[in-house]
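The values are calculated or read from the model by the stated rules, or taken from the named source; none is laboratory data. Note that the coordinates shown come from a computational prediction; the quantities given were computed from them, not determined experimentally. Cβ: placed from backbone, ideal geometry, glycine included. Neighbour counts: every protein chain shown. The area values use the complete protein model at the heavy-atom level, side chains included, leaving out ligands, DNA and RNA. Shrake-Rupley method; radii C 1.70, N 1.55, O 1.52, S 1.80 Å.
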Amino acid sequence: MDLLAHLPALQVVVPMLSAPLIVLLQPRGLAWAGATAVAVLSFAIAVALAIAVLDGQTLEYAMGGWPAPYGIALSVDAFSALVLLVITGAAAAALLAAKPSIDQQIEVERQPLFYSAWLLVLSGLVGIVVSADAFNIFVFMEISSLASYILIAGGPDRRALPAVFKYLMMGTIGATFYLIGVGLIYMMTGTLNLADMEARIGDVTDINPILVAAGFITIGLALKAAVFPLHVWVPNAYTHAPHMVTVFLAACATKVAIYVLIRFDYMVFQATLDAHEIQFAMFMMPLAILGILIASAVAMFEGHLKRLLASSSIAQIGYILLGVSFVSIAGLSASAMHIFNHALAKGGLFLVVACLAYQYRDLRLDQLGGASTRMPWTCAAFVVCGLSLIGVPGTAGFISKWMLINAALENGPWGWGLVAIILVSSLMAVVYIWRIVEALYFQTPAEGEAPQSEAPVQLLLVTGLVAVMNIYFGIFPQVPLELANSAAALLLEGSR
Amino acid sequence: MIFIFGLFLLTLLVITAIAIVRTKDLFVAVMLTSIFSLLMAANFFILDAADVALTEAAVGAGVTTVIFLCALALTDDKEKPRQGGRWVAFVTVGVLALLIIYATFDKPRLGDPDAPVHQHIAPWYIEKTTEYIDIPNVVTAILSSFRGYDTLGEVFVVFAACIGVLFILGVSPPRKTRGVTEKNSGLRHHLIPQVVGRLLIPFIVLFGLYVQFHGEYGPGGGFQAGAIIATGVILYALLEGESEALRAIPRGVLLGMVIGGALLYGGVGVACMFMGGAFLDYSVLAADPIFGQQLGILIIEAGVGMAVCGALLAIFHAFAAREILS
Amino acid sequence: MNFLELLGYFNYWVFAIILTVGLYAVINKTNLIKKLIGLSIFQSAVFLMYITMDKVEGGTAPIIQKGVEDQIFSNPLPQVLILTAIVVGVSTLSLGLAMVVRISECYGTIEENEILDAD
């Protein structure tokens, strides 16, 4: 059995088939160990795939032996590899640190079901990324969505339930819109394979259903990706979910929806619809800008730590979308890099939240005083990840912000306005990060809330590792940078 | 003639949908939803989609209604009227409807054999099924073999729903203030349902097994079979009481069925990889590729049937066994 | 236009109407179970659209009968897709209902505005 050839399929099969097995691991702690082992193995497969596509080639795989478009085809290129690294890395890191936090928040009897759902989310997300078939993407999108509803519903607070219900409603509407769009395209072209669609759309005589389809697909994916103004499910869902779940989901769940949006748009629509670039830019750019400004503004006044970081996530998604709407190599590379870097920064920040939550019961800002004295390492990690989020030189966040500014400047006179918006929102980020730092370092502890000691070693180690990676990839960004540039080149050349 | 019937069904569908939205009594709404699913199934049948009609009837009209009623028993029966503006909603959906209707005018004529959707892939499937797989039901061939990876995903969606319901309802409800409820005894004291039900249950299960194994020759397959057999067991639970049904098929067995079914399907795929083919390439399972395909389809359909039956029953028991708060 | 054409357009319009009725219920109703019912109607409308496009004039269900030559079949592919979509819809629905039951236990109500007021 040629392992390398089967890698794209194994990336999905390994976590997916392990999920039912995890349910059987009832003894205490065994479910966690099993899930972590599988996640680390998936990460290894993703690294192997990334190495294989580093030189720009694309790995193809025909499921069931049937050639595309008659069967379902998988295809892994530089862009897929980058997103796969983010997903599996986030899953593995979150699971490695998860045990103390989850033991605190979820009862032992329910834990095997919980970890099994975690692996299902992982397999759903990677299944979306490696797939080259529009309907297959829908099926795996639903696997990952359903499993992530389960994860969020594990939150200890009763407010998790209405939050996840709202997410279920909006997520299902989004998926159904996506299905309508795919149906309309299938009706006009007769195929479901993405590459095949690209070839056949040119022959279509009536463009109207295709435009309507593009609209439906974009709105459906925008609901899943938390694009402004369809982002309303994010703050509640992220805040009331178990802390490690927020780490995992904030790092990668919405990015995958953006990945599908980019794939569909650049591969299927750009090449074949005239002036689509201008329509796309006109539609996406204002939404991206509004998302960045409004979400950053909300974050500046937010009082609860998790909710503040959730609003910040919406702003960061705005950055990614902004780069995409430039329709240029520079813009796309910047977005791809930001997918990677934001996962590092936000993942780290939410890991810090999990550490703090181990000692503090209430995570509102005015209750967090005195953390720096008893939990110095945790707060130091927070400062590092916070700087990366703002985009200070020397951290990973700086690289992608810099690339974004460069891409904006390519746009002529409008570019200066966009650069101004990026700088203003970065200043807003400074404001809200400073508020948290101030609470951690300079505030006096609230009554009886002072922490007794540092967070558990397991949590701390992983948090520290992620914080260090933020600096490492700020100084040596070669590997993700190369992947991002390859990705942008592939996407744009596919659309010529 | 049949087209007039089709028009009639569609109109009835619209009327039912509007009635569902307008009624304030949730029990009425759920019953109307069941009728809606049945009308939908009849419509599918007129449009030559026999497998889909069977699935919509078994799953949509059957199982969905049962789960809704279980949930209703645990919550409130009536809906409170909404105060305040509905204009935003009206305008949004009105614009959406107009947009879709605008797009329909360019669609290919219904039934046009030269439409793009009927070229390219569909004729290939119809031709090549006899050559590669040699079973009469083309839909099963596509579902289990050509696009078997999608069906694997679908089984895992069912698995996810099962563990999700078990996870969410795995938390005990808050303590009641009243005394203990009496054990649910079903319809034991009603004669007619008992007699008729006992007559029906063996036929339902037998029909389910028939649908499972004849999925390759006629409409049918794992999903429909799983839903039908689950319905038979649910009928038993209604007649004898839910705890009796749980004694007959305990929770552990149900969970085992779900996990076993999902792993069986995935296991066949992995076995194909070990025997030299791609994942889910059944041709390598036996010396004769056509026989290999048929063997593969048989095994995975069994896996699907097990998983769906176990999942639906587990979900039903999770709801039905919950103590009702007063 | 002949009956088949009229039926064809009528199918699409019914799809549009049922879609919007379902979506209206999801957006506007405050009762959580009503919202879920609206969601299920919304999804059923999409199934109708897919199956409508699979009909071929003069065709039958795609089951090959041995010995009969030159049969016209309706398109089997949308049927496969909708089989999957129906099962996905039911799974989402059961998860949603489990959440509603838990919400009802924790909050004592399943009206959305009352739940928002309670927190």
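Looking only at other chains, what is the average number of their beta-carbon atoms within 10 angstrom of each beta-carbon in C:105-111?
The shielding value for this peptide is 6.
Where is the GNM fluctuation largest for chain C (alpha-carbon springs, 10 angstrom cutoff): C:LYS29, C:LYS55, C:LYS66?
C:LYS66
What whole number of Å gives the distance from the Cα centroid of segment C:47-61 to the Cα centroid of segment A:400-448?
54 Å
I want to make sure I understand the PRE zone here: with the label point 7 angstrom from the Cα of A:THR58 toward its beta carbon, which residues in segment A:1-43 have backbone N atoms less than 20 Å away?
A:5-12
So what's Rg/Rh here for segment A:275-496, counting alpha carbon atoms and using the Kirkwood radius for Rh?
1.03
Quick one: dipole size for segment B:1-104, taken about the Cα centre, charges +1 on Lys/Arg Cβ and -1 on Asp/Glu Cβ, in debye to the nearest 20.
It comes to approximately 500 debye.
Gap in Å between the Cα centre of segment A:180-201 and the Cα centre of segment B:264-326?
If we compute the Cα centre of each part, the gap is 29 Å.
For the residue pair B:ILE290 and C:LYS66, what label-to-label distance in nm results when each label sits 7 Å from Cα along the Cα-to-beta-carbon direction?
If labels sit at B:ILE290 and C:LYS66, their model points lie 1.0 nm apart.
Give me a comma-separated list of calculated 3J(HN,Hα) values for segment A:256-264, in order, Karplus coefficients 6.51, -1.76, 1.60 applied at θ = phi - 60°, integers in Hz, x for any Gly or Pro.
5, 5, 5, 4, 4, 4, 5, 4, 4
Residue by residue through segment B:284-298, which ³J(HN,Hα) values in whole Hz follow from phi under the Karplus form 6.51 cos²θ - 1.76 cosθ + 1.60 (θ = phi - 60°), with glycine and proline marked x?
Computed from phi, the couplings for segment B:284-298 are 8, 6, 9, 5, 8, x, 5, 5, x, 4, 5, 4, x, 4, 4 Hz.
Taking only protein heavy atoms into account and a 1.4 Å probe, give the accessible area per residue of chain A in Å².
Ligands and nucleic acids excluded, the result is 30 Å² per residue.
Just the number, please: percent antiparallel of the DSSP beta bridges in the protein assembly as shown, rounded to the nearest 5.
Percentage antiparallel, nearest 5: 85.
Between B:ALA248 and A:ALA44, what's the calculated FRET efficiency when r is the beta-carbon distance and R0 is 51 Å? Round to 0.05. Before the final figure, lay out each step's value.
Values: r = 45 Å, r/R0 = 0.89.
Between B:ALA248 and A:ALA44 the formula returns 0.65.
Tell me which DSSP H helices of chain C clear both cut-offs, 18 Å or more of axial length from alpha-carbon atoms and a mean Kyte-Doolittle hydropathy of at least 1.6.
Helix filter hits for chain C: C:77-107.
For segment B:140-326, what is the per residue volume of the convex hull drawn over the alpha-carbon atoms, in cubic angstrom? Write down the numbers at each step before the final one.
On the way: hull volume 22.9 nm³, N = 187.
About 122 Å³ per residue, rounded to a whole number.
Give the calculated FRET efficiency between A:MET282 and A:LEU465 to the nearest 0.05, with a Förster radius of 45 Å applied to their Cβ-Cβ distance.
That pair, A:MET282 with A:LEU465, gives E of 0.60.
Considering amide H positions built from the backbone, and no H for Pro or chain starts, which residues 5 or more places from C:PHE73, or on another chain, come under 5 Å of its amide H?
Result for C:PHE73 returns C:THR60.
Ignoring ligands, DNA and RNA and using a 1.4 Å probe, state the total buried accessible area between A and B in Å², rounded to the nearest 100.
Rounded to the nearest hundred, the buried surface is 4800 Å².
Mind checking the angle between helix A:413-442 and chain A's longest principal axis? C-alpha axes, 0 to 90 degrees, to the nearest 10.
It is inclined by approximately 30 degrees.
Under the 0.36 nm per residue contour assumption, what length would be gained going from the current alpha-carbon distance of B:HIS120 and B:TRP87 to full extension? Spell out each step's value before the answer.
Values: separation 33, 0.36 × 33 = 11.88 nm, distance 4.50 nm.
Between B:HIS120 and B:TRP87, full extension yields an extra 7.4 nm.
Please list 3J(HN,Hα) in residue order for segment B:198-214, calculated via the Karplus relation 6.51 cos²θ - 1.76 cosθ + 1.60 where θ = phi - 60°; whole Hz, with x for glycine and proline.
4, 5, 6, 4, x, 5, 4, 5, 4, 4, x, 5, 4, 4, 4, 8, 9
Going by average Cβ density within 10 Å per residue, which order do the peptides B:220-228, A:399-407, A:366-374 take, highest to lowest?
Averaged packing, sorted descending, gives the order B:220-228, A:399-407, A:366-374.
What's the FRET efficiency of A:PHE301 with B:LEU9 using the Cβ-Cβ distance as r and R₀ = 51 Å, to the nearest 0.05?
0.40
Counting only heavy atoms of protein chains, what accessible area per residue, in Å², does chain C have with a probe of 1.4 Å? Kindly include the intermediate steps, with their values, before the conclusion.
Details: 3300 Å² over 119 residues.
With all protein chains present, chain C gives 28 Å² per residue.
Taking amide hydrogens as modeled 1.01 Å from N in the peptide plane, which residues meet the under 5 Å criterion relative to C:ASN31, leaving out close sequence neighbours?
Sorted by chain and number, the residues that satisfy this are C:GLU112.
Compute a Gaussian network model of chain B, connecting alpha carbons closer than 10 Å, and tell me which residue from B:VAL157, B:VAL95, B:VAL30 fluctuates the most.
Largest GNM mean-square fluctuation: B:VAL95.
With every protein chain present, what accessible area does B:HIS214 have (1.4 Å probe, heavy atoms only), rounded to the nearest 10 Å²?
Roughly 80 Å² of B:HIS214 is accessible to a 1.4 Å probe.
In nm, to one decimal, how far is the modelled label at C:ASN113 from the one at A:SER453, with both set 7 Å along Cα→Cβ?
Spacing of the two 7 Å Cα→Cβ label points: 5.2 nm.
Go ahead and set up a Gaussian network model of chain B, Cα springs under 10 Å, then flag whichever of B:ARG22, B:ARG147, B:ARG251 fluctuates most.
For chain B, modelled as a Gaussian network with Cα springs under 10 Å, the answer is B:ARG22.
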